[in-house]
Amino acid sequence: MGHGPGRRRRERTPPRALHSVLDGHAFPARRLREWTLLKAIAGGGSWSAAELEAASDWCQRTAVLSPASDEALALLAASARTRRVRTAAARRLDRRAAL
């Protein structure tokens with residue numbers, strides 16, 4: 001459903017305000033960075049191999065299950081931290097190649 005006239009858009013929390021809320025809370029700050037990374041990977045945004053390689057096991061597993069780019073899947077198939085993620089990424093790449 002779109003945001004036509006007469007509908008209020010929910011404003012996003014400004015990054016600075018969010019930074020002050022997360023300051024001193026390592027886990028939620030890291031998870032927010034990882035969600036941002038996942039969104040970039042799935043949406044064709046800007047991300048780096050170093051970010052994905054340094055991401056948590058959770059983030060790497062989630063990236064394999066998301067509509068990740070072939071580049072991200074190839075990186076995870078070659079260098080993910082766990083065998084589970086490497087195998088899943090390689091299988092997804094194989095399935096895409098078969099289509």
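The values are calculated or read from the model by the stated rules, or taken from the named source; none is laboratory data. This is a predicted model, so every value here is computed, not measured. Neighbour counts are summed over all protein chains in view; Cβ atoms, including those assigned to glycine, are modelled from backbone coordinates with ideal geometry. Keep in mind that these areas ignore ligands, DNA and RNA; they rest on the heavy atoms of the full protein, side chains included. Shrake-Rupley method; radii C 1.70, N 1.55, O 1.52, S 1.80 Å.
Do you know which residues across the range 36-67 are open to solvent by 60 Å² or more (accessible area, probe 1.4 Å) and of a type in the set (A, V, I, L, M)?
The answer is Ala50, Ala54, Leu65.
Looking only at the range 37-89, how many residues end up being of a type in the set (Ser, Thr, Tyr), over 11 Å from the mean Cα position of the chain (by Cα) and outside any loop (DSSP other than H, G, I, E, B)?
The number of residues fulfilling the criteria is 2.
Write out, first by first residue and then by second, each pair whose Cβ atoms fall under 8 Å of each other, whose residues are 6+ apart or on separate chains, and whose first residue, in the range 42-67, is farther than 15 Å from Ala89 by Cβ while the second is open to solvent by 50 Å² or more (accessible area, probe 1.4 Å).
Filtered contacts from the range 42-67: Gly45/Lys39; Ser56/Arg30.
Residues checked against (1) open to solvent by less than 50 Å² (accessible area, probe 1.4 Å); (2) modelled with pLDDT under 95:
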{"residue": "Pro28", "(1), (2)": "no, yes"}
{"residue": "Glu34", "(1), (2)": "yes, yes"}
{"residue": "Ser69", "(1), (2)": "yes, yes"}
{"residue": "Ala77", "(1), (2)": "yes, no"}
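Take the conditions loosely packed, with under 14 Cβ neighbours inside 10 Å and at positive phi and apply them to Gly24. Does it pass?
Yes.
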